[in-house]
Structures are given as C-alpha cells and as structure tokens.
Amino acid sequence: MDLFSFITLFGGLAFFLYGMHVMSSGLEKLAGGKLEGALKKMTANRFMGLMLGAGITIAIQSSSAMTVMLVGLVNSGIMQLGQTISVIMGSNIGTTLTAWLLSMVGIESDNFFMSMMKPENFSLIFAFIGAILIMMAKSQKKKDIGGIFVGFAVLMYGMKLMSDAVSPLADMSEFASMLVAFKNPIVGVLVGAVFTGIIQSSAASVGILQALALTGNISYGMAIPIIMGQNIGTCVTALISSIGVNRNAKRVAVVHMSFNIIGTVVCLIGYYMVDAIVSLPFTDKPIDALGIAVVHSIFNLFTTVILLPFLKQLEKLAYIILPEKKNEQSSDEVFIDSRLFATPSVVISECNNRTVEMAEIARDMIHDATLLVNKYDAVIRQKILDSEERMDIFEDKLGTILVKVSSQALSDSDSKKVSTMLHAIGDLERLGDHAVNLLKTSDELNEKKISFSEQAKSDLSVLQSAVGEIINLTIDAYSHEDATLAFRVEPLEQVVDALILNIKNRHIERLQAGNCTIELGFILSDLLTNYERISDHCSNIAAAMIEIADGSFDTHRYLSGVKYGNSRFDEIFDGYAEKYKISM
C-alpha cells in the first residue's frame with residue numbers, strides 16, 4: 001500500500017462524508033418542520049419514541065445530528081430529558097441502514113440485475129438523475145430530491161474509493177501481523193471508539209471497516225468489538241454539542257453515552273461467555289461487508305431490547321452522574337438553542353411555535369385592554385404591561401433568528417414560513433403596543449373619574465365586539481395556517497372602518513346637541529384610532545399569509561384586488577355589516 005493508496009483512502013473518506021452531508025441536508029429539507037412537531041407529540045410513549053427516533057435518523061441519515069437536535073430541544077425547554085431516551089435508542093437502530101446500503105459493495109455476479117445492485121453501477125444512474133433534476137427542475141422540492149440522489153452517488157463513490165485503496169492490504173503480511181492486536185476485545189473497542197470519535201461519523205467508520213473486510217483479513221472476532229466501540233465513539237458529537245448548555249441538556253449526552261457503554265459491556269461479556277462455553281463456529285471466520293451490517297444491526301437491536309424497560313433508571317443514572325445544583329440554569333432562559341441551526345427546519349418550526357405563542361399573547365392583551373377600558377382593574381393593567389415586555393423580547397429574538405436562518409438553504413415551504421413570520425412578528429408587536437395605548441386611555445378615564453354616555457358606550461360595545469372577532473379570526477387563521485379564515489379578515493376590517501366612521505359622526509351629533517364634552521371626544525378619538533390600527537394590523541397579517549402562500553409578496557395588490565368585483569368578499573362583508581350594526 002503506497003502513498004497514492006493513502007491519498008485515495010482519505011479522498012474516498014472525504015467523498016463519503018461530503019455525500020452523507022449533502023444527502024442528509026436534502027432529506028432534512030424534504031422532512032421540513034415535521035421532525036420537531038413529531039418529536040414533541042409522539043415521545044410520551046416509549047415505543048412511539050423508539051420508532052420515531054429510528055424513522056427520523058433514517059430520514060436524515062445521521063444519528064449524530066439526531067442527538068445534537070435533542071440536546072438543543074432540551075436546552076430550549078421544548079422537550080424533557082425523559083422524552084429523549086427512547087428516541088436515542090431508536091436513533092441507534094436507524095443508523096444501521098447505512099451499513100446495509102454499503103454492504104452491497106461486495107456483491108459479485110454475472111447476472112445483470114444483481115450487477116445493478118452494486119453501488120458503483122446504480123449510483124451512477126442516481127447521479128445522472130440527480131444532476132438532471134438539479135439543473136432542469138423548476139420546483140425547489142425536485143431540486144432537493146436531485147441533491148439527495150447526487151449525495152448518495154458521491155457517498156457510494158467514496159465507499160468504492162476506500163475499498164480500492166485498502167484492497168492491496170490483502171496481500172501484505174505486515175497488515176495481517178498488525179491485525180493480531182485486534183484479537184484483544186479491549187483494543188478493538190478502543191480503536192473503534194477513538195476512530196469514530198475523530199471523524200464524528202459512525203456511518204463512515206463502519207464503511208471503512210466494511211472496506212477493510214473486503215480484504216478477507218478481518219474476522220468476526222475482530223470486527224465485533226470494533227463495531228461496539230464505534231457506537232461509543234459516535235457519542236463524541238453529542239458530548240461536544242453539550243458544551244455550554246444547561247445541565248439538563250448535558251444529561252442527554254450522558255444518557256447517550258451510558259446507553260452505548262452499558263450495551264457494549266453487556267454484549268461483549270455475553271458474547272465471550274457464550275464463545276467460551278460453546279465455541280462459536282464463526283468467530284475466526286472472515287467477515288464481509290454484509291456480515292458487518294448484520295452484526296451492527298443485531299448489536300443495536302439487542303442493546304435496545306435489554307435497556308428499553310429501564311428508561312427511568314437511565315434517567316436516574318444521568319442525574320447521579322450530573323446531579324442538580326441549587327443555581328442550575330433554567331431551560332426557560334434559552335429562547336431557541338443555537339445548536340438547532342444544524343437542522344434549520346427544526347429552528348423554523350420552533351420559531352413558528354413561538355410566533356403563535358406571541359399571537360396568543362397579543363390576543364389576550366387586546367381582550368384585557370378592552371375589559372380595562374370598560375372597567376378599570378389594576379391587576380389586569382399590570383398583566384398587560386408584563387405581556388408587553390414579553391412581546392418586545394419575542395419580536396427582537398425572533399427577528400434575529402429568522403434573519404439568520406433565512407440565509408441558509410431552505411425548502412420552498414420553509415422559505416414561505418420564514419417570510420410569513422417576518423411579516424407577522426412586527427404586526428403582532430404593534431398589536432401589543434395598541435393594547436398599551438388602550439391601557440393609557442383607561443388610566444385617563446380612571447384618573448379623571450369620567451365616563452362616556454350610554455349611547456357612546458353602546459356604540460363602543462358593538463365596535464369592541466367586531467374588533468374582538470377580527471383578532472380571533474386573525475390569530476386562529478395564523479395558528480392553523482388557514483387561508484380560508486384569513487380571507488374573512490379583510491371584509492371584517494372594512495366593516496370595522498365603517499363602524500368607526502359612523503361612531504365619529506354620531507359623536508359629532510352628540511357634541512352639537514350638547515350631550516358630550518370635547519374632553520371625552522378626544523378620549524373617544526384615541527380609542528377609535530387604536531381600534532382602527534388594531535384591525536389594520538390584523539389585515540396586514542392575513543394578507544401576508546394569503547399572498548405568501550400564493551408565492552407573492554405584494555399585499556397592497558392583494559388588498560386592492562380583493563375588494564372590487566369579488567362576490568365572495570361582498571357576501572362576507574354584508575354578513576358582518578348586518579351582524580355589527582349600530583342601533584339608532
């Protein structure tokens with residue numbers, strides 16, 4: 001094995017890792033924010049969590065990325081430690097798929113269909129299809145699929161390069177002598193763990209072992225401890241990602257490490273005990289790429305089966321290794337953990353959850369401010385002020401995160417979500433500001449001990465009901481991504497505008513008749529202005545939702561076009577106009 005063989009080996013490893021990165025990035029884009037939503041909904045049951053962990057790892061083709069995602073979710077307070085344990089176990093099972101794909105490298109046959117199963121043959125077809133999709137497809141989704149195909153082809157080509165590079169080792173007596181050391185299981189575990197920890201990819205580590213196995217010099221007895229060590233080495237990524245997080249998030253990495261170490265110890269002891277008693281016939285036989293895939297899967301499945309009943313004990317072990325401290329940082333202090341940026345779709349999904357939370361706060365603020373205008377209450381007043389501080393924090397942090405994540409390569413659906421949120425958060429924050437303005441008007445009414453006439457109160461009651469409905473429509477439409485509900489916002493906004501104009505005219509009539517004062521007129525004008533601005537911001541949010549969903553960003557064009565010659569708009573408008581009619 002000369003210098004060029006080493007260059008080919010490391011070049012093949014580079015192709016393998018890059019192909020894995022491209023493929024997992026494309027798969028993650030296709031999965032979108034469904035990953036994070038599924039994680040939060042399905043981890044209450046250990047078996048669902050197990051299947052989910054396996055499924056997501058197969059989807060993104062990286063158990064390391066899965067674990068880093070879990071660390072970030074726990075650090076952000078989105079998930080609890082106990083929810084992650086079964087997911088980690090499932091992730092270990094899901095990562096075995098790569099070894100099965102790579103095992104096809106050793107297929108030898110003159111049959112055409114069997115020959116096409118060899119990666120060096122079918123991966124070229126994948127590369128061609130992928131390149132066509134990337135260059136000619138119009139939709140981003142098809143381009144992402146093309147990226148997955150090309151990434152897979154590059155990965156398989158890297159595997160072939162590594163296999164070709166190590167093939168001369170089969171005839172080297174020095175290599176055979178060196179392998180004697182691997183008959184010691186402790187050495188095998190350490191080598192597997194250290195090498196996997198260095199390259200931070202169990203898939204690549206297993207791939208190199210499969211390439212070496214093609215030389216015919218690796219036995220089952222040598223490979224089994226190395227494979228177990230590789231599972232321990234893959235925990236390094238989680239350990240690195242846990243630097244700088246709260247202790248609860250660190251415990252995710254501890255659970256991952258504990259699970260693999262306990263599994264390795266139990267399986268290693270069990271294997272050598274059985275071998276000593278019955279002398280297993282395959283121990284000294286050469287292992288091939290398929291045999292490595294089988295051993296890898298059996299180890300992870302067996303470890304999961306024996307430890308799945310002990311989820312609570314693994315959680316307690318994590319607390320024993322990392323006990324609680326009095327000054328332990330609360331996970332609530334982390335808005336959205338920076339580690340989640342490794343999976344942008346998860347960041348976008350969580351940003352959407354936070355934006356929905358922001359929208360609910362805005363709804364409550366407007367509702368409470370309306371109550372305050374009608375009847376002063378110091379407790380409600382303080383609640384509104386506290387909520388306003390939260391709204392400012394949400395807008396600042398969400399804006400920063402969304403701008404940062406928008407610079408990454410995103411799927412079409414994720415790009416639309418980011419655009420919608422960037423439009424919405426400003427309007428939601430302004431809704432909070434108008435709630436505070438209503439609070440100030442309430443303060444003035446309370447301090448001066450004045451109140452509106454019964455007729456003015458009746459008019460305001462109708463307007464407040466209409467504003468309450470437009471807020472509910474907007475927040476519900478945004479929360480459920482319901483364009484049908486969003487379409488109803490603009491007709492109601494027009495009704496609110498007409499109501500405000502009518503109330504102003506009626507106030508002037510009362511003023512001329514001497515039934516109202518100029519001072520109350522100014523206060524009423526402030527109220528009407530704020531209610532009008534509230535309905536305007538609701539209109540902005542709904543219009544942005546509809547336009548971005550349609551692939552456009554011109555909300556002014558939408559608002560102008562929807563009001564004229566649209567029978568559906570007119571029908572909804574007439575319905576709301578009848579519902580919110582001021583009695584004479």
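The values are calculated or read from the model by the stated rules, or taken from the named source; none is laboratory data. Please read all numbers here as calculations on a predicted model, not as lab measurements. Glycine also receives a Cβ, built like all others from the backbone with ideal geometry; neighbour counts cover every protein chain displayed. Heavy atoms of the whole protein, side chains included, go into the accessibility calculation; ligands, DNA and RNA do not. Shrake-Rupley method; radii C 1.70, N 1.55, O 1.52, S 1.80 Å.
Here are the numbers for the structure shown:
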| read-out | value |
| --- | --- |
| 10 Å Cβ shell holding at most 11 others, DSSP loop, GluC sites (Glu not before Pro): longest site-free stretch of the chain | 325-584 |
| Sequence of 537, 256, 367 when ordered by accessible area, the most exposed leading, probe 1.4 angstrom | 367, 537, 256 |
| In Hz, Karplus ³J(HN,Hα) per residue of the range 535-543 (6.51, -1.76, 1.60; θ = phi - 60°; x = Gly, Pro) | 5, 5, 5, 4, 4, 4, 5, 5, 5 |
| Between the range 460-495 and the range 59-100, the Cα center-to-center distance that results, in Å | 40 |
| For the range 332-419: relative contact order, % (alpha-carbon pairs under 8 angstrom, 6 or more apart) | 40 |
| Inter-label distance for residue 446 and residue 504, nm, one decimal - labels placed 7 Å from Cα along Cα-to-Cβ | 2.9 |
| Selection from 413, 403, 428, by position along the positive dipole direction of the range 373-434 (Cβ) | 413 |
| Label-point separation, residue 194 to residue 316 (7 Å along Cα→Cβ), nm | 3.6 |
| Residue 219 long-range amide H proximity, modeled H, under 5 Å | 287 |
| Kirkwood-based Rg to Rh ratio, the chain, C-alpha trace | 1.14 |
| Karplus 3J(HN,Hα) series, Hz, for the range 71-86 with 6.51 cos²θ - 1.76 cosθ + 1.60 (x for Gly, Pro) | 4, x, 5, 5, 5, 7, x, 7, 10, 9, 3, x, 6, 8, 5, 5 |
| Computed lengthening from residue 389 to residue 582, 0.36 nm per intervening residue step minus Cα-Cα distance | 65.9 nm |
| Computed accessible area, residue 484, all protein chains, 1.4 angstrom probe, square angstrom | 90 |
| Residue among 140, 520, 539 farthest towards the positive dipole end of the chain, charges placed on Cβ | 140 |
| Relative contact order for the chain, counting Cα pairs under 8 Å that sit 6 or more residues apart, in percent | 15 |
